[in-house]
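Here it is, the structure, as structure tokens.
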Amino acid sequence: MTTPDHPSPASQPPAPTARDRIYRSPLGLAGGVLLLLVVLWLGFDALFKGHGRTPWLALAGLILIVPLIIAFTLRPAVFANEDRLRVRNPFRVITLPWGEVAGLRSGYSNEALAKGGAKYQLWAIPVSLRARKKAARRQRRAATDAARGVTPGGRSGGLGPGGLGLGGFSLRGPETGPARAETDQAMDDLRELLENRGEAESAQGEVTVRWAYEVAAPAVAGAVLLAILLALG
């Protein structure tokens, strides 16, 4: 009688890694696509229908402008998993293990602070002061309604000061929308990851910064070509 073979631990397949949470700006993506369409339309029109130096100027302008539009609108993203935070900004990619993140700061911009003292702006999570004000108004109104006994559905608990409508119904419609601005909620999610994973062994390492030469090089080439054409008159 034989016993079944059991695979050794070394032969076991590796445990699947956690998938990244991806944070991007929908308005930035939409604006970038629209701006690209306009620039490409005008550029190709000048390139194929222009005369004299116009096609060359259009070509240099496209080589300069298109990478910059992509860099500042379509490229930015923040990737987070249980081990590290990866920030893809217009011209750099910064990888920060959670063990090297000192904190996440939100002011007029959202930033990741490294323990070494460096700070990195999160381009993909822009701050919206308008969204913050709307969320603050919703929170204040919800607190006022709760104090008056008005439920989220708009029904009052009585006919006192909270019973603003007939039959116990409030005349004001229910508040809708998140209690926090979307970008602030994203930062809260990242702070929760930092708090839970900052001391984990797999979340230790060094901060790495890689420059995006694939974006910068075409833009520089376009700027040089445009400067030469303008200098030649």
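Within the bounds of the stretch 48-70, is there any residue that is part of a loop (DSSP other than H, G, I, E, B), closer than 22 Å to residue 192 by Cβ and modelled with pLDDT under 95?
Within the stretch 48-70, none of the residues are part of a loop (DSSP other than H, G, I, E, B), closer than 22 Å to residue 192 by Cβ and modelled with pLDDT under 95.
Among the residues of the stretch 76-98, which ones are open to solvent by 30 Å² or more (accessible area, probe 1.4 Å) and either under 20 Å from residue 219 (Cβ atoms) or within 14 Å of the chain's Cα centre (by Cα) (or both)?
Selection gives 86, 88, 91, 92.
Among the residues of the stretch 16-39, how many are more than 20 Å from the chain's Cα centre (by Cα) and within 27 Å of residue 125 (Cα to Cα)?
4
Name the residue, out of 124, 142, that is at pLDDT below 95, not in a loop (DSSP other than H, G, I, E, B) and not charged (D, E, K, R).
Going through 124, 142 in turn, the sole match is 142.
Looking at 181, 212, which one is under 32 Å from the mean Cα position of the chain (by Cα), at pLDDT 90 or above and small (Gly, Ala, Ser)?
212
Do any residues in the stretch 212-233 that are closer than 13 Å to residue 62 by Cα and of a type outside the set (Val, Ile, Thr) have Cβ atoms under 9 Å from those of residues that are assigned to a helix (DSSP H, G or I) and open to solvent by 80 Å² or more (accessible area, probe 1.4 Å), where the two are at least six apart or on different chains, and which pairs are they?
Close Cβ pairs satisfying both conditions: 225/56.
Please identify the pairs in which a residue from the stretch 28-54 that is more than 18 Å from residue 222 (Cβ to Cβ) has its Cβ atom under 9 Å from the Cβ atom of a residue that is assigned to a helix (DSSP H, G or I) and open to solvent by 70 Å² or more (accessible area, probe 1.4 Å), counting only partners at least 6 apart or on another chain.
28/72
Just for the stretch 196-212: of the residues that are of a type in the set (S, T, N, Q) and outside any loop (DSSP other than H, G, I, E, B), which one is nearest to residue 93 (Cα to Cα)?
Once the filter is applied, the top-ranked residue is 208.
Pick from 171, 230: which is part of a loop (DSSP other than H, G, I, E, B), farther than 30 Å from residue 83 by Cβ and either open to solvent by 60 Å² or more (accessible area, probe 1.4 Å) or at pLDDT 90 or above (or both)?
171
The values are calculated or read from the model by the stated rules, or taken from the named source; none is laboratory data. What you see is a predicted model, and the numbers here were worked out from it, not measured in a lab. Reconstructed Cβ throughout: ideal geometry from the backbone, glycine too, with neighbour counts over all protein chains shown. Heavy atoms of the whole protein, side chains included, go into the accessibility calculation; ligands, DNA and RNA do not. Shrake-Rupley method; radii C 1.70, N 1.55, O 1.52, S 1.80 Å.
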